[in-house]
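Engineer: Before we start, here is the structure in question, set down as structure tokens.
The values are calculated or read from the model by the stated rules, or taken from the named source; none is laboratory data. Just so it is clear, the structure is predicted and the values come from calculations on it, not from any experiment. Counting neighbours? That spans all protein chains shown, and the Cβs are built from the backbone with ideal geometry, glycine included. Accessible surface areas use protein heavy atoms only, side chains included; no ligands, DNA or RNA. Shrake-Rupley method; radii C 1.70, N 1.55, O 1.52, S 1.80 Å.
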Amino acid sequence: RLRPDRDRLAKAGDLIKGAKRPLIIAGGGVRYSLAEKDVAAFAEKHGIPLAETNAGKGGVTHTHPAHVGPVGVIGSSSANEMAAAADVVIAIGTRLQDFTTGSWTLFNHEAQFVSINAARYDAVKHRAVSVTGDARETVADLEAALGSWKADAAWMQKGKAAFKAWNDLLDKLQAPTNAAIPTYAHVVGMVNKWAAPNDTMVTAAGGLPGETAKGWRVKNPNTFDLEFGFSAMGYEVAGGWGHAMAKNGDGETIVMVGDGSYMMMNSDIYSTVLTGH
């Protein structure tokens with residue numbers, strides 16, 4: 001596993017220790033590295049609010065103590081509020097692409113970045129203190145560098161208050177309705193309500209990535225799969241089939257099919273029936 005450069009790691013640790021309003025943005029690399037528990041524990045121990053990207057969503061549960069919601073263009077008001085106020089952003093396993101950064105309109109212009117990424121090209125973006133390394137290995141080493149340091153408790157309380165306001169809004173928008181045609185929010189909310197903790201949500205196309213990123217409340221880690229960063233229409237049909245195979249009866253796979261995907265990949269629905277998934 002790729003270990004980080006010690007000098008860059010020390011510089012990143014010093015920057016974080018000097019932060020008054022640090023924020024973690026956890027990307028898909030956290031999940032690819034199997035670092036979900038490590039990052040969740042790191043955020044909680046050091047009192048750092050944790051936001052998630054499209055690919056990173058599901059690394060922690062919705063109710064994790066440090067979680068402040070999905071960030072970016074299709075993210076939550078809570079995570080975006082924290083991103084705008086953060087003075088140090090710790091980007092772990094994320095490319096910081098435009099959906100995450102709002103084309104770099106989301107952050108304070110004075111904010112500094114620590115970017116942990118296995119790819120140097122992505123780690124050096126936006127003049128970041130770049131730490132090229134595997135997410136899980138790097139977070140473990142960064143943990144040792146920070147020691148007992150903890151962010152100001154008032155900053156985490158701000159995140160909790162913002163996230164509560166976001167959840168209150170979701171409760172309002174997802175409440176039962178007698179409307180002839182329910183909204184996306186109603187449908188996502190109701191399916192989410194009835195889903196078991198081990199059921200997995202998969203989607204990729206149309207308006208559904210935004211609706212599920214904002215409105216799906218993850219009950220167990222790694223039960224949410226949103227393929228949107230590369231605009232992969234059709235993914236959720238074949239991807240849902242793959243999830244059903246991998247889960248092997250440990251919960252249902254729920255697929256919300258967006259525009260175009262059914263037209264492109266409908267034959268795979270027939271294939272899922274043939275294989276019993």
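Engineer: Please compute, for the alpha-carbon atoms of segment 50-136, the extent along each of the three principal axes and give them in descending order in Å.
Structural biologist: That gives 31, 29, 20 Å along the principal axes, largest extent first.
Engineer: Also: I need to check one value: relative contact order of segment 1-129, counting alpha carbon pairs closer than 8 Å and at least 6 residues apart, in percent.
Structural biologist: About 25 percent, as a whole number.
Engineer: Given C-alpha coordinates of segment 105-155, what is the ratio Rg to Rh with the Kirkwood estimate of Rh?
Structural biologist: For segment 105-155, the value is 1.03.
Engineer: On to the next question. Run the dipole for segment 149-218 about the Cα centre, Lys and Arg Cβ at +1, Asp and Glu Cβ at -1, nothing else charged, and hand back the magnitude in debye, nearest 20.
Structural biologist: Rounded to the nearest 20 debye, it is 240 debye.
Engineer: While we're here: Using a 1.4 angstrom probe on the protein heavy atoms only, could you order R31, R6 from most to least accessible area?
Structural biologist: R6, R31
Engineer: List, in order, the whole-Hz ³J(HN,Hα) value for each residue of segment 48-55 obtained from phi through the Karplus relation with A = 6.51, B = -1.76, C = 1.60 and θ = phi - 60°; use x for Gly and Pro.
Structural biologist: Listing the rounded values in order: 9, x, 10, 10, 10, 7, 4, 6 Hz.
Engineer: Another question about this same structure. Starting from the Cα of K11, draw a straight line to each of the aspartates and glutamates and keep only those under 20 Å, dropping any in the same chain fewer than 8 residues away.
Structural biologist: Qualifying aspartates and glutamates at Cα under 20 Å: D87, E110, D122, D134, E137, D141, E143.
Engineer: Also, I was wondering about something else. With all protein chains present, calculate the accessible area of K219 using a 1.4 Å probe and round the result to the nearest 10 Å².
Structural biologist: Probe radius 1.4 Å; accessible area of K219 about 80 Å².
Engineer: Provide Rg over Rh for segment 39-81; use the alpha carbon set for both Rg and the Kirkwood Rh (inverse mean inverse pair distance).
Structural biologist: 0.94
Engineer: Roughly how tilted is helix 135-146, in degrees to the nearest 10 and between 0 and 90, from the longest Cα axis of the chain?
Structural biologist: Tilt of helix 135-146: around 30 degrees.
Engineer: Also, quick follow-up: Please return the longest stretch of the chain lacking exposed loop sites, where chymotrypsin sites (Phe, Trp or Tyr not before Pro) count only if DSSP places them in a loop and at most 12 other Cβ atoms lie within 10 Å.
Structural biologist: So the longest stretch without any such site is 105-229.
Engineer: Across segment 126-277, how many lysine pairs, 8 or more apart or on two chains, come within less than 21 Å at their alpha-carbon atoms?
Structural biologist: Within segment 126-277, the lysine pair count is 17.
Engineer: With N residues in the chain, what two-decimal value do you get for its Cα radius of gyration over 2.2 N^0.38 Å?
Structural biologist: Compared with the compact-globule rule of thumb, the chain sits at 1.01.
Engineer: Between the helical axis of 184-194 and the dominant principal axis of the chain, each derived from Cα atoms, what acute angle in degrees is found, rounded to the nearest 10?
Structural biologist: Helix 184-194 and the main axis of the chain meet at about 90 degrees.
Engineer: Probe of 1.4 angstrom, ligands and nucleic acids ignored: what's the accessible area per residue over segment 151-262, in square angstrom?
Structural biologist: Heavy-atom accessible area per residue stands at 50 Å².
Engineer: Next question, about the same structure. Which angle between 0 and 90 degrees, to the nearest 10, do you get for helix 36-46 versus the longest principal axis of the chain when only C-alpha atoms count?
Structural biologist: Tilt relative to the chain: about 40 degrees.
Engineer: Can you give the Rg and Dmax of segment 176-277 based on its C-alpha atoms, in angstrom?
Structural biologist: Here Rg and the maximum Cα pair distance are 13.5, 38 Å.
Engineer: Counting only protein heavy atoms and using a 1.4 Å probe, what share of the accessible area of the chain belongs to carbon plus sulfur, as a whole percent?
Structural biologist: Answer for the chain: carbon and sulfur cover 56 percent of the accessible area.
Engineer: I would also like to ask the following. Any idea what the alpha-carbon Rg over 2.2 N^0.38 Å comes to for segment 1-121?
Structural biologist: Normalised Rg, Cα atoms only: 0.96.
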